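The values are calculated or read from the model by the stated rules, or taken from the named source; none is laboratory data. If you're wondering where the values come from, they're calculated on a predicted model, not measured in any experiment. Note that each Cβ is placed from the backbone with ideal geometry, even for glycine, and that neighbours are counted across all protein chains shown.
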Amino acid sequence: MAASAPSLRRKCLSTYINVIEDDEGTSKRCEAFCPKTVYEQVCEEPVAPNRGINFPSLVDLRQVTILPKAEWQRIEDVVSGVDCEAEFNRAQREEREELHKRSKEVIKHWSNTIASAFLLTEVMKEREAQIDLKRKKLNILKGQERVAVEEMHRMLEKGAYNEQEKMEKQMEARKGLADFHLEQIREHDNEKQQDRKENIMEGEEIKKLARLHEWERDKLEALKKQEKYNNMVSHLAHLENMNIFKTIQKQKELDKDEEIRAFVSAKQKMLKYRKKKQAEDNKQIEEHRNRMLEVLGKQLKDKIEDEDDRIKRATAEMEAKSEKEIREKEEKRMADLKSIAEHRIMMLKAKEDQEKEERIEGLEILHAKKEAYRIFGMKKAEKQQKILEECKKLQSFQIQQLAEKKARISHDRNTDLDLEKHTNALLALEEKKFQEYAKRVIDSATENGRNTYPLLKAAHCGIGGGYGPAFEGKGGIKPSYQSQDKSGVQLPKYTRGTTEQIKHLHDTGDIQWSKQALGFMW
C-alpha cells in the first residue's frame, strides 16, 4: 500500500519506507507504509464469492528499508527546505517573547512595588472598616432573640456538615486523581528508563563500530608496514641476487680464462708434439732417403749409365713430395696458431666489451640513484620550506587574530563600562524621581489616615521589584529570582514567613499547569 508520509504518521507511530525498483534495479521512488495500515487494507478487502479472500499484492519485506524517526525527519526537512538553524532561532525568539510577556504579567501582581503597596494600604483601610462593621453586627446579634440565634446556629451547622461532606468527596476525588497521577508518573519513569536503556545500547553499538573502525585502521597500517617490509626484503634479496650474479659472472670469466689458458697450453703441447713428430718424420725420410741413396748407389754402381735419369726423377719426386708435405704441415700449423690467436683476441675483446657495458650500466645506475637522491632531497627541502612557510603564515594569522581579539575585547570592555556608567546614571535619576513620587504618595496616605507601613517598605532603597538584596555595584538594583518552569513566578524572598503562607501566596491553582509541570502529555 502506498500513501503519503504525513497521513501515515497520523495513523501510526512507526513508519516504514518502501523503495520500489524497476526491472533494471534502479530506485525510482519511495513509498511509506505501516503494518497497521496494511492490515486495515487487508481487512477492508471484499471477499470474492467461492474464491476466499483476495489479498493485495504486498511488497517483498526484503526490499523494505526501515529508517529511524530522526533520519525520516531529516529527509523531510531536506525535501521541504526547512532550515533547522532558522527554526531554532525562531523558537528561541518566541520563547524569549513569551518569557517577556509572562514577566510583564507577573510584575502586575508583585506585592513589594509602590502601586501594590498603595493598593495594600487601601485594602487595609477597607479591612478596618469591615472589622468595625462585624463588631457592630455582633453587638446587634447579642440583642436578638435566642430562637433566631439557635436557628442560625442550626443552619450554620447544617451548612458546615454539607460542606464537610462536600470536602470529603473532593478529598476522595483528589486522592483518586493523585493515585492516577502517580501511576502516570511511574509509567513516564518506565518510559524514560526504556529510552535510557535504548540510548545506552545505541552508545554501545557506536563504541563497537568505533572499535571496529580502529581495528580496521590498525590492520591497514599493519598491512602497509608489512608491504613496506616485504618490499625492502625483496629489494635486499634483489641486491643480493645481483651480487651473486656478478660473482657467478666473474667465476664464469675466470673459468673461461682457465679454459683459454688450457686450450693455449694444449695447442702449445700439440705444436711441440707436431714439431717432434715432424723431426721424427724428417729423420725417417732422411734415413729412407739415405737408404734409397745407398740402394740407388748400389743400383748406380750396377747400372750407372742406364739409371741416371730415372734416379734423378725419383729423387726429384721424393724431394718435391717431402717439401709439399712439410709445407702443408707448416701451413696447417700457422693456420692453427692464427685461429688460436684470433679466438683469444675475440674472447679478450668480448670480455672488454662486457666489462665496458657493465661499467657503463653501473655508471648509469649510479647517476640514476644520484639523480633520484637529488630529486628526493629537493622535494623534501621544498616540502619543509612549504611547511615552514605555512607555519609562518599560520603564526602571523594567529598573531593577527590575537591582536584583533585583544582589541575587540578592549573595545567591548570600554563599551560595557561606558554603558554601565550611563545605566547607573539613569538608574540614579530614576531612583530619585521614584523617591520623590513615593514621598508624595506616602504624604497623601498619611493625610488620609492610611497605614503607611507597606508604602514605606516598598519605597526602600533599590531598583526593581525583586525580593533579593540590592546590588551596590549595579546601581542598587534588586534582582528578581524567577523559577525555571513555564509559570515564570517569582521565587520566595529570602526573609519570609511560614511555608504555608508562601505556598498560598504563589499557588497558581491551575491543574493543567500542574499536569504539564509533572510531565503529562494530555
Looking at Glu97, Glu85, can you tell me which residue is among the acidic types (Asp, Glu), within 27 Å of Glu202 (Cα to Cα) and modelled with pLDDT of 50 or more? Glu85
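Select, from Lys272, Lys256, Lys267, the only residue that is at pLDDT 80 or above and either assigned to a helix (DSSP H, G or I) or within 60 Å of the chain's Cα centre (by Cα) (or both). Explain how you work it out, then say what you get.
Details: Lys256 fails: at pLDDT 80 or above; Lys267 fails: at pLDDT 80 or above.
Lys272 is the lone residue from the list that is at pLDDT 80 or above and either assigned to a helix (DSSP H, G or I) or within 60 Å of the chain's Cα centre (by Cα) (or both).
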Just one listed residue, out of Glu253, Glu259, Glu280, is farther than 20 Å from Glu317 by Cα and touching a Lys or Arg at 6+ places or on another chain (Cβ under 9 Å), and it is Glu253
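Determine, yes or no, whether Ile248 is within 25 Å of Ile365 (Cα to Cα), surrounded by 10 or more Cβ atoms within 10 Å (Cβ to Cβ) and not polar (S, T, N, Q). Don't jump to the end; show me each part of the working.
Values: within 25 Å of Ile365 (Cα to Cα): yes; surrounded by 10 or more Cβ atoms within 10 Å (Cβ to Cβ): yes; not polar (S, T, N, Q): yes.
The answer is yes for Ile248.
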For Lys405, only one of the following conditions fails: (1) more than 60 Å from the chain's Cα centre (by Cα); (2) without any contact (Cβ under 8 Å) to a residue 12 or more places away in the chain. What is its number? (1)
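Going residue by residue through region 290-309, is there one that turns out to be in contact with a Lys or Arg (Cβ under 7 Å, 6 or more places away or on another chain), at pLDDT below 80 and surrounded by 11 or more Cβ atoms within 10 Å (Cβ to Cβ)? It would help to see each step written out before you state the result.
First pass over region 290-309, keeping only residues in contact with a Lys or Arg (Cβ under 7 Å, 6 or more places away or on another chain): none.
No: zero hits.
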Go through region 79-106 and give me each residue that's surrounded by 10 or more Cβ atoms within 10 Å (Cβ to Cβ), without any contact (Cβ under 8 Å) to a residue 60 or more places away in the chain and β-branched (Val, Ile, Thr). Val82
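Looking for something in a helix (DSSP H, G or I), touching a residue at least 12 places away in the same chain (Cβ under 8 Å) and not small (Gly, Ala, Ser) - is there at least one such residue anywhere in region 159-182?
Initial filter on region 159-182 (in a helix (DSSP H, G or I)): 159-182.
Adding the requirement that they be touching a residue at least 12 places away in the same chain (Cβ under 8 Å) leaves 181.
Now narrow it down to the ones that are not small (Gly, Ala, Ser): 181.
For region 159-182, residues in a helix (DSSP H, G or I), touching a residue at least 12 places away in the same chain (Cβ under 8 Å) and not small (Gly, Ala, Ser): present.
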